[in-house]
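Report on the structure given below.
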Amino acid sequence: MESKDKFTLGLELPTDPRWADIAQLHIRDILVDHAYCEQKAASSCISLIILHPDREKLVEVLTPIVAEEWSHFERVLLELKKRGYSLGPSRKDEYVEALFKLVKKGGSREQQLVEKLLLNALIEARSCERFKMLWKHIADPELSNFYHELMISEAGHYKTFLQLAKEYMPEEAVMARWREWLEAEAEIVGRLGVRGDRIH
Ligand SMILES: [Fe+2]
Ligand SMILES: [Fe+2]
């Protein structure tokens, strides 16, 4: 089934198929928004490393992801430059803001960490799904290849975050919470509808 294949990562609500075509018409907005997504991905990993220097495994697996996300950021900047566009100010990210509101407060330090790791896993999974659509629908072959490469990279990050969460809480508890996250995320995606000027 399309929605359950390895690059949609169990997401409950597949993106509206019209999204990629609309996105293609707003490629400047998409690239600007995408650049900020990569920047936020890098900074989120840096924050986790700064907050948890005592967690060896976390520092070990997230450090190379910081470099990868930063290189994605750099490459999106290049795609903007090629087209004569500049980065400009960041825009409101309704998707991520809505997800942030669902982060459970309180609990143990481990529970708080798992919340953050699952949130990151989820954003990676949805990004991966959107990149897959861009890869398949973008007419510019160079940009299409770029999104193919990023789709694979973000799928790897998704797996890393989910795997890492299982280091700090029992697998069963992590997966139970993951299913709740998936359900809530589907509701958000459905509510936000199709926006061709945003990655999410
Ligand atoms: Fe990335
Ligand atoms: Fe990523």
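With Val59, Val66, Val103 as the choices, which residue is more than 16 Å from ligand 2 (Cβ to nearest atom), farther than 27 Å from Arg191 by Cα and free of Cβ contacts under 8 Å to residues at least 60 places away in the same chain?
Working: Val66 fails: more than 16 Å from ligand 2 (Cβ to nearest atom); Val103 fails: farther than 27 Å from Arg191 by Cα.
Selected residue: Val59, the only one of Val59, Val66, Val103 that is more than 16 Å from ligand 2 (Cβ to nearest atom), farther than 27 Å from Arg191 by Cα and free of Cβ contacts under 8 Å to residues at least 60 places away in the same chain.
Residues are listed down the side, and each one gets a yes or a no for (1) in a helix (DSSP H, G or I); (2) surrounded by 15 or more Cβ atoms within 10 Å (Cβ to Cβ); (3) among the hydrophobic types (A, V, I, L, M, F, W, C); (4) modelled with pLDDT of 95 or more:
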{"site": "Cys45", "(1), (2), (3), (4)": "yes, yes, yes, yes"}
{"site": "Thr63", "(1), (2), (3), (4)": "yes, no, no, yes"}
{"site": "Trp70", "(1), (2), (3), (4)": "yes, yes, yes, yes"}
{"site": "Leu77", "(1), (2), (3), (4)": "yes, yes, yes, yes"}
{"site": "Tyr85", "(1), (2), (3), (4)": "no, yes, no, yes"}
{"site": "Gly107", "(1), (2), (3), (4)": "no, no, no, no"}
{"site": "Leu122", "(1), (2), (3), (4)": "yes, yes, yes, yes"}
{"site": "Arg126", "(1), (2), (3), (4)": "yes, yes, no, yes"}
{"site": "Ala139", "(1), (2), (3), (4)": "no, no, yes, no"}
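Can you pull out the residues in the range 133-173 that are aromatic (Phe, Trp, Tyr) and within 21 Å of Ala67 (Cβ to Cβ)? Talk me through it step by step, then tell me what you get.
Step one: of the range 133-173, the residues aromatic (Phe, Trp, Tyr) are 135, 146-147, 158, 161, 168.
If the condition is that a residue be aromatic (Phe, Trp, Tyr) and within 21 Å of Ala67 (Cβ to Cβ), then Phe146, Tyr147, Tyr158, Phe161 are the ones that fit.
Answer yes or no: is there a residue in the range 176-188 that is within 15 Å of ligand 1 (Cβ to nearest atom), modelled with pLDDT of 95 or more and assigned to a helix (DSSP H, G or I).
Here is the first cut: in the range 176-188, the residues within 15 Å of ligand 1 (Cβ to nearest atom) are none.
Within the range 176-188, not a single residue is within 15 Å of ligand 1 (Cβ to nearest atom), modelled with pLDDT of 95 or more and assigned to a helix (DSSP H, G or I).
Taking only pairs six or more apart or across chains, which ones have beta-carbon atoms under 7 Å, a first residue in the range 144-165 that is free of Cβ contacts under 8 Å to residues at least 24 places away in the same chain, and a second residue that is assigned to a helix (DSSP H, G or I) and within 12 Å of ligand 1 (Cβ to nearest atom)?
Sorted first by the residue in the range 144-165, then by its partner, the pairs are Tyr147/Phe131.
Which is more than 17 Å from Thr160 (Cα to Cα), within 13 Å of the chain's Cα centre (by Cα) and not small (Gly, Ala, Ser), of Tyr85, Tyr36? Spell out how you get there, then give the answer.
Numbers: Tyr85 fails: within 13 Å of the chain's Cα centre (by Cα).
Only one candidate qualifies: Tyr36.
Quick check: anything in the range 149-159 away from ligand 2 (no atom under 14 Å from the Cβ), among the aliphatic types (A, V, I, L, M) and out of contact with any Pro (no Cβ under 8 Å at 6 or more places or on another chain)?
First pass over the range 149-159, keeping only residues away from ligand 2 (no atom under 14 Å from the Cβ): none.
Checked the range 149-159: no residue is away from ligand 2 (no atom under 14 Å from the Cβ), among the aliphatic types (A, V, I, L, M) and out of contact with any Pro (no Cβ under 8 Å at 6 or more places or on another chain).
Report every pair of residues separated by at least 6 positions or lying on different chains whose Cβ atoms are under 7 Å apart, first residue within the range 29-46 and farther than 16 Å from Trp70 by Cβ, second modelled with pLDDT of 95 or more and within 13 Å of ligand 2 (Cβ to nearest atom).
Leu31/Val76
One line per residue, one yes/no per condition, for (1) of a type in the set (D, E, K, R); (2) away from ligand 2 (no atom under 16 Å from the Cβ); (3) within 21 Å of Gly196 (Cβ to Cβ); (4) free of Cβ contacts under 8 Å to residues at least 60 places away in the same chain:
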| residue | (1), (2), (3), (4) |
| --- | --- |
| Ser90 | no, yes, yes, yes |
| Asp93 | yes, no, yes, no |
| Val96 | no, no, yes, no |
| Trp135 | no, no, yes, yes |
| Trp178 | no, yes, no, no |
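The values are calculated or read from the model by the stated rules, or taken from the named source; none is laboratory data. Owing to the predicted nature of the structure, the values given are computational and were not obtained by experimental measurement. Heads up, the Cβs are rebuilt from the backbone with ideal geometry, glycines too, and the neighbour counts pull from every protein chain shown.
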